[in-house]
Amino acid sequence: MPLYLVRHGQTDWNKEKRFQSRTDIPLNATGLAQATAVRDELRQRGVEFSAARTTPLGRAQKTAEIILEGTGLSATVEPDFIELEFGGFEGRLEAELREEFGERFTAWRRSEYTEVPPAGGESIISGAERVRSALFALKPLAAKGNVLIVAHQAVNMAMKVALSGRSDIPTAATYRQNNDEVDVWDMDRGERIEVFKVAYTE
């Protein structure tokens, strides 16, 4: 059965294009609407979950709580699924970093997170190694029913690297995920089945 990989709803820092990394920023009104829309779309599709995981950060936990509302299932916190570490980029605006680091920042952006940030931290390749054990431990559960993971942009990309075994830049670019998108993966084959975007109103 499929793995549903969800990015948390929008926060004010997402809206500002400010690197969050592990800073615990809550969902804003748009983010709450996006999480509700994901829940409603999954219910409309008849998707039920037998297991769910989320990260230690509140924005992901709140998104998971909304998605699972009324199901009797709650998401277990998996520490290894916390967002990637972005070193000195954390809490800073992309525009500021582009001005300070110049071409180094631009080149890193072009790498689609496959390289370590200029100010230190993790890449999606090292992140894939970090998440691998906890992610693959879900395979037996996925064989019995649908599994939900609610996490973050970069660590979700790292999970897709771990699942697919591919980390080339063109492929990594396809692993980006908006706050209103859901990725569906076949864990056994390491292939993406579907990506869908939800419609929401604030």
Out of (1) of a type outside the set (Lys, Arg); (2) assigned to a helix (DSSP H, G or I); (3) surrounded by fewer than 21 Cβ atoms within 10 Å (Cβ to Cβ); (4) out of contact with any helix residue (DSSP H, G or I) (no Cβ under 8 Å at 6 or more places or on another chain), the one Gly72 does not meet is (2)
Where Glu99 falls short, out of the listed (1) in a helix (DSSP H, G or I); (2) closer than 24 Å to Ala137 by Cβ | (2)
Within the set of pairs 6 or more residues apart or between chains, which connect a residue that is under 19 Å from Ala143 (Cβ atoms) and touching a residue at least 24 places away in the same chain (Cβ under 8 Å) inside the stretch 44-58 to a residue that is part of a loop (DSSP other than H, G, I, E, B) and acidic (Asp, Glu) with Cβ atoms less than 9 Å apart?
-> Arg53/Glu78
Does any residue in the stretch 176-196 that is without any contact (Cβ under 8 Å) to a residue 60 or more places away in the chain come within less than 9 Å, Cβ to Cβ, of a residue that is of a type in the set (Val, Ile, Thr) and not in a strand (DSSP E or B) six or more places away or on a different chain, and which pairs are these?
-> Arg192/Thr174; Val195/Thr174
Ala137 vs. criteria of a type in the set (Gly, Ala, Ser) and over 14 Å from the mean Cα position of the chain (by Cα) | yes
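Do the conditions hold for Gly88, that is, is it touching a residue at least 24 places away in the same chain (Cβ under 8 Å), among the small types (Gly, Ala, Ser) and over 16 Å from Gly31 (Cα atoms)? Break it down stepwise before answering.
Details: touching a residue at least 24 places away in the same chain (Cβ under 8 Å): yes; among the small types (Gly, Ala, Ser): yes; over 16 Å from Gly31 (Cα atoms): yes.
Considered against the rule, which asks whether it is touching a residue at least 24 places away in the same chain (Cβ under 8 Å), among the small types (Gly, Ala, Ser) and over 16 Å from Gly31 (Cα atoms), Gly88 comes out as yes.
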Candidates Thr30, Thr55 - the one that is surrounded by 20 or more Cβ atoms within 10 Å (Cβ to Cβ) and under 19 Å from Gln20 (Cα atoms) = Thr55
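If you scan the stretch 1-21, which residues turn out to be more than 28 Å from Asp186 (Cα to Cα) and in a loop (DSSP other than H, G, I, E, B)? Spell out the reasoning first.
Step one: filter the stretch 1-21 for residues more than 28 Å from Asp186 (Cα to Cα), giving 11-20.
Of everything in the stretch 1-21, those that are more than 28 Å from Asp186 (Cα to Cα) and in a loop (DSSP other than H, G, I, E, B) turn out to be Lys17, Phe19, Gln20.
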Residue that is surrounded by the most Cβ atoms within 10 Å (Cβ to Cβ), among those in the stretch 85-116 that are under 18 Å from His152 (Cα atoms) and of a type in the set (Asp, Glu) = Glu112
Hey, can you tell me all the residues within the stretch 161-187 that are outside any strand (DSSP E or B) and either closer than 22 Å to Gly31 by Cβ or at pLDDT below 95 (or both)?
-> Tyr175, Arg176, Gln177, Asn178, Asn179, Asp180
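The values are calculated or read from the model by the stated rules, or taken from the named source; none is laboratory data. Predicted, not measured: the structure shown is a model, and the values here were computed from it. Every residue, glycine as well, gets a Cβ built from its backbone with ideal geometry; the counts of neighbours run over all protein chains shown.
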